[in-house]
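Novice: Structure provided below as structure tokens; questions to follow.
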Amino acid sequence: MGNPLLEAREARWARRLELARGLGAGGSLLSLTLRLPAPLRVGREGAGLGQGLYAALRRASIDAGLGPGRGEFRLSADGPEGYLELDVGLAEAKELALGFEEGHPWGELADLDAMGPGGSVLGRAELGRRPRSCLVCGAEAAACVAGRSHGLEEIRRAAEVLLGGPLGPPGTRAASGAAAPELTLGPRGPWAGAMGESSRAIGEAALRALVAEAAAEPKPGLVSPSSRGAHLDMDYGSFLASAAALAPWFETFARLGRGFGGREPDELLPSLRAAGLEAERDMLAATGGVNTHKGLIFSLGLLCAASGLLAGRGERLEAGACARMAARIVRGICERDFAGLAGREAATLSSGERLRLGSGLGGARAEAEGGFPSVVGASLPRLRAGLSAGLGRGEALVDALLVLFGQVEDSNVLARCGPEGLELLRSSSARALGLGGMATEAGREAVAAMNEEFAARRLSPGGCADLLALTAFLAELPG
Amino acid sequence: MKAIKDSVAGSLESSDVLVTLRPSSEAAVSLQVESIVMKQYGRRITAVAEELVAATGLSGASLRIQDRGALECTLRARLETAIARATA
């Protein structure tokens with residue numbers, strides 16, 4: 001055929017039919033493409049817009065009570081394409097699609113098709129709806145497209161009016177060509193009481209915690225704005241991309257907690273796990289397959305759900321209560337998850353699971369099941385003390401990280417550098433803290449030296465980094 | 001060129017067209033056209049299909065065109081591909 005765009009569209013059609021054949025009897029498949037001409041659809045601006053629309057669609061699905069669905073998003077030669085499998089019938093899925101196209105602020109830029117099991121399609125005409133109107137002139141869109149009634153720049157302008165800014169990821173409002181605003185960590189001072197109780201507010205607090213952790217520096221061995229630490233495969237940009245992809249999921253975890261109607265909190269875990277797997281897929285899609293936040297999806301997702309659950313029950317949201325609720329949700333997880341490990345193929349194990357087999361340590365699961373003792377008992381008090389003493393947020397977070405280095409049997413470190421790695425983590429952080437940590441010149445020099453040594457040894461305390469983000473999250477709650 | 005097997009090209013997505021070709025015992029090519037822009041472009045679609053059938057010398061086939069508002073260049077490419085696949 002020779003035309004990559006047309007080949008990509010045929011491949012997408014084949015993929016849709018394949019996914020539709022795999023649907024259960026009551027299931028349906030939505031597919032998303034951009035309703036823009038090819039030159040605007042492909043490339044970076046189209047990719048960003050497609051990703052934004054796809055995330056918005058999944059949120060719309062959750063808000064409509066249809067659940068997050070199972071999805072995939074990819075970039076083809078024809079532009080971005082997203083697939084979403086829902087456990088509802090074709091008519092209901094099409095209603096969601098029409099509501100999104102017509103009701104969502106950016107919906108006019110989305111082209112959503114609904115397919116039932118076996119490939120049956122349901123169009124507007126079958127539902128007695130009017131055909132879509134043209135983005136530019138409001139006439140019947142199909143006629144304008146087939147007749148090439150409007151020029152590229154005319155269509156681009158119409159899209160940009162709709163987005164309220166340049167073509168690209170929705171929500172970026174900077175004038176095109178202008179320098180990106182510098183990232184700041186906001187004013188100094190304690191966070192206590194910053195987090196609201198709605199699911200959205202909880203999700204936003206989680207995103208703030210993720211970004212605050214990534215932005216704090218210097219973090220020995222870890223990725224920060226000016227260093228990749230011990231990592232070759234990721235940088236600060238990977239973390240921001242991952243955080244952006246995960247943002248809507250934290251709200252979802254909070255919602256799942258708030259909407260939980262069961263008696264025992266551990267009945268909530270299966271739905272959290274299902275959402276977590278979806279979130280993980282979105283993370284991998286956003287980072288190009290790099291694991292930036294897998295452990296954090298588990299533990300921070302859990303804290304979001306615990307917060308939502310407490311808020312839904314009208315209980316006071318406090319750091320300790322939130323951590324205890326998280327522990328109740330995962331009660332028994334170590335025993336259950338680690339029971340069948342010995343018989344499994346090594347390649348199918350997570351790093352936490354391999355650690356368990358090798359050393360008997362429980363990693364993130366044990367930390368969660370214990371109610372995050374190293375956070376509640378050590379890093380959170382240190383962060384609060386640092387902030388009260390007048391340290392900036394970044395500096396206070398680094399001190400809290402040093403405290404975690406001394407407390408935690410970090411599974412990432414153990415897996416890569418063995419017990420000597422853990423020993424180095426402990427001794428070097430104790431020394432830096434002994435010199436006064438980030439509050440003193442000598443302490444800061446010691447941290448800088450750690451940074452170099454960890455990078456050279458490829459020692460990356462990723463488990464501690466996750467716990468630091470949890471610390472930042474819980475710091476928004478009182479006591 | 002006689003059609004020797006079933007072939008499909010394209011998709012039912014917006015701005016695309018699905019061309020389905022089946023061998024038939026008739027010598028002539030029978031043509032069936034559906035389009036969401038039949039009123040404006042139905043005649044044009046038929047004309048393009050007839051032109052390509054003549055140009056490729058296709059015979060012994062029934063050709064179904066389900067148009068979702070494709071550009072003419074897309075329609076041509078899908079028709080050429082379906083014919084090539086049916087006669088290869």
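Novice: So, in region A:431-441, exactly how many residues are assigned to a helix (DSSP H, G or I) and exposed (fewer than 14 other Cβ atoms within 10 Å of the Cβ)? Outline the logic, then answer.
Specialist: Residues of region A:431-441 assigned to a helix (DSSP H, G or I): A:431-434, A:437-439, A:441.
Subsequent filtering for residues that are exposed (fewer than 14 other Cβ atoms within 10 Å of the Cβ) retains A:434, A:441.
Final tally of qualifying residues: 2.
Novice: Do you know which residues across region A:49-68 are touching a Leu at 6+ places or on another chain (Cβ under 7 Å) and in contact (Cβ under 8 Å) with a residue 60 or more places away in the chain?
Specialist: Answer for region A:49-68, where residues must be touching a Leu at 6+ places or on another chain (Cβ under 7 Å) and in contact (Cβ under 8 Å) with a residue 60 or more places away in the chain: A:Leu49, A:Leu53, A:Arg58.
Novice: Further question on the same structure: Return the residues of region B:9-28 that are aliphatic (A, V, I, L, M), surrounded by fewer than 19 Cβ atoms within 10 Å (Cβ to Cβ) and more than 7 Å from chain A (Cβ to nearest Cβ); say none if nothing qualifies. Break it down into steps so the answer makes sense when it comes.
Specialist: First, the residues of region B:9-28 that are aliphatic (A, V, I, L, M): B:9, B:12, B:17-19, B:21, B:27-28.
Pick out the ones that are also surrounded by fewer than 19 Cβ atoms within 10 Å (Cβ to Cβ) and you get B:12, B:27-28.
Correct list: B:Ala27, B:Ala28.
Novice: Same structure, new question: Taking interchain pairs and intrachain pairs at least six residues apart, which have beta carbon atoms under 8 angstrom, with the first residue in region A:126-148 and more than 7 Å from chain B (Cβ to nearest Cβ) and under 18 Å from A:Ala158 (Cα atoms) and the second acidic (Asp, Glu) and crowded, with 16+ Cβ neighbours inside 10 Å?
Specialist: Note: pairs meeting the criteria are A:Arg132/A:Glu101; A:Arg132/A:Glu140; A:Ser133/A:Glu140; A:Cys134/A:Glu140; A:Leu135/A:Glu108.
Novice: Could you say which residue among A:Ser242, A:Ser226, A:Ser307 is without any contact (Cβ under 8 Å) to a residue 12 or more places away in the chain and either more than 19 Å from A:Gly69 (Cβ to Cβ) or crowded, with 20+ Cβ neighbours inside 10 Å (or both)?
Specialist: Details: A:Ser242 fails: without any contact (Cβ under 8 Å) to a residue 12 or more places away in the chain; A:Ser307 fails: without any contact (Cβ under 8 Å) to a residue 12 or more places away in the chain.
One residue alone meets the criteria, A:Ser226.
Novice: Might you let me know whether region B:66-81 holds any residue that is more than 12 Å from chain A (Cβ to nearest Cβ), more than 18 Å from A:Gly147 (Cβ to Cβ) and modelled with pLDDT of 95 or more?
Specialist: So far as region B:66-81 goes, no, none of its residues is more than 12 Å from chain A (Cβ to nearest Cβ), more than 18 Å from A:Gly147 (Cβ to Cβ) and modelled with pLDDT of 95 or more.
Novice: Are any of the residues in region A:463-470 farther than 26 Å from A:Gly308 by Cα and either touching a Gly at 6+ places or on another chain (Cβ under 6 Å) or crowded, with 20+ Cβ neighbours inside 10 Å (or both)?
Specialist: Of the residues in region A:463-470, the ones farther than 26 Å from A:Gly308 by Cα are none.
No: zero hits.
The values are calculated or read from the model by the stated rules, or taken from the named source; none is laboratory data. Being a predicted model, the structure only gives us computed values, none of them experimental. Using ideal geometry, Cβ is built from the backbone for each residue, glycine included, and neighbour counts are taken over all protein chains shown.
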